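The values are calculated or read from the model by the stated rules, or taken from the named source; none is laboratory data. Predicted model, so just to flag it, every value in this text is computed and none were measured. Here Cβ is always computed from backbone atoms with ideal geometry, including for glycine, and neighbour counts include all displayed protein chains.
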Amino acid sequence: MLAGADRVTTRYRALVDAGEIGADPGQFGLAGKLDQLNEKLGERRLAAKGSALGRFFAARAAVPVKGLYIHGAVGRGKTLLMDQFFAVAAPRRRRRAHFHEFMAEVHERIHALRAAARNGAARNGAKSVDPIAPVAAAIARETRLLCLDELAVEDIADAMILSRLFGKLFEAGLVLVATSNTAPDALYHDGLNRSLFLPFVAVLKRHVDVVELDGPADYRLEKPGRAPVYVTPLGRVATAALDRIFLDLTGIARGRPEALPAGGRREIRVPQAAKGVARFAFADLCEAPLGASDYGRIARAFHTVVIDDIPVLADDRRNAARRLINLVDTFYD
């Protein structure tokens, strides 16, 4: 049995009691399903031990554990509940990632293996090998529970490898919990060569229970009311207002610089950061060569981002305007 503090339902009730969220029957039902999954994961972990207790749970753990695929409209609390589950999940080797971040890493690993195989083939004349199996094996060694947020298949490069990749991951015993705005059967709808993608849907549905989380409200639109979303016009008054907001959120007047890894040797410079809050100038984010993946890294690292000095975006700043739109879309997701 899970201890009270390790139950998603307990954590959910605490959020409701604290007034941070409103009670929602659909969310509470999903919290219960996540608790049931965690019970099974805990039994499997105990079964792996050589103790008498492990032998007791071994027979029950022999049955493969099915994960969860949580879908529904935006703002229904899918990510909130998955994150509550991840915080208390039984497996020590667990990982939480945005789907696109995870797939970017998969492609990097595939590229590295192919490059190594080409170099080896050039030296000894050996044939190149399919890198999917070794990449999946490496991920499965590192991760027993994979929580993926915002699963959305838009790239044909992703679509063509998902069936083989996740087939191997599931064979190795990996358990998947994913959130998505889209039901499994509607993934990659009207995508190029979709018939080659459909085996992934079949593999997915064999290894997860599909749960729809729906409700009447987009909870992201419920403003906390303690601070304005934007301050205008630019000037000393606006800067002072943002200074106060940063102080209220962090308890300090000025944060410390940080650097977020951005793949390879790249880093994203954060001028000020403290207690999950980042502060940037507009130029740092929208006049620098940053893209959606970079904005996603920022959003995952910080719960609040304060941006100074957003100008009027005339025609001569079209690139900056596009980046701002991209940033807002990514943060909203």
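Residues that are buried (at least 21 other Cβ atoms within 10 Å of the Cβ) and out of contact with any Gly (no Cβ under 9 Å at 6 or more places or on another chain) within region 171-192 comprise L187, Y188, listed in sequence order.
Just one of the numbered conditions (1) under 24 Å from L34 (Cα atoms); (2) touching a residue at least 24 places away in the same chain (Cβ under 8 Å) is not true of F197: (1). Of everything listed in (1) modelled with pLDDT of 90 or more; (2) out of contact with any helix residue (DSSP H, G or I) (no Cβ under 7 Å at 6 or more places or on another chain); (3) within 28 Å of D24 (Cα to Cα), the single unmet condition for V229 is (1). Go through region 250-271 and give me each residue that's at pLDDT 85 or above and over 27 Å from H107 (Cβ atoms). I252, A253, R254, G255, R256, P257, P271, listed by residue number.
Residues in region 274-303 that are charged (D, E, K, R) and in contact (Cβ under 8 Å) with a residue 60 or more places away in the chain: R297, R300.
The conditions of being assigned by TED's automatic domain parsing to the domain that holds R206, at pLDDT 90 or above and exposed (fewer than 15 other Cβ atoms within 10 Å of the Cβ) are not met by E154. The set of residues in region 133-181 that are of a type in the set (D, E) and either closer than 20 Å to R44 by Cα or more than 18 Å from the chain's Cα centre (by Cα) (or both) comprises E142, E171.
For region 304-328, which residues satisfy the criterion of being closer than 20 Å to V270 by Cβ and free of Cβ contacts under 8 Å to residues at least 12 places away in the same chain?
V328
Evaluated against (1) surrounded by 14 or more Cβ atoms within 10 Å (Cβ to Cβ); (2) within 30 Å of A5 (Cα to Cα); (3) modelled with pLDDT of 90 or more, F99 falls short on exactly one condition, (3). Here is the figure for region 91-116: residues that are over 14 Å from A178 (Cα atoms) and in contact (Cβ under 8 Å) with a residue 60 or more places away in the chain total 3. Looking at region 254-295, the strands (runs of 3 or more DSSP E) lying wholly inside it that each contain 3 or more residues that are surrounded by fewer than 12 Cβ atoms within 10 Å (Cβ to Cβ) sit at 256-261. Scanning region 1-49 for residues that are part of a loop (DSSP other than H, G, I, E, B), closer than 25 Å to R92 by Cβ and either modelled with pLDDT under 85 or in contact with a Cys (Cβ under 7 Å, 6 or more places away or on another chain) (or both) turns up M1, L2, A3, A48, K49.
Of note, R323 satisfies the criterion of being of a type outside the set (A, V, I, L, M, F, W, C), buried (at least 18 other Cβ atoms within 10 Å of the Cβ) and at pLDDT 90 or above.
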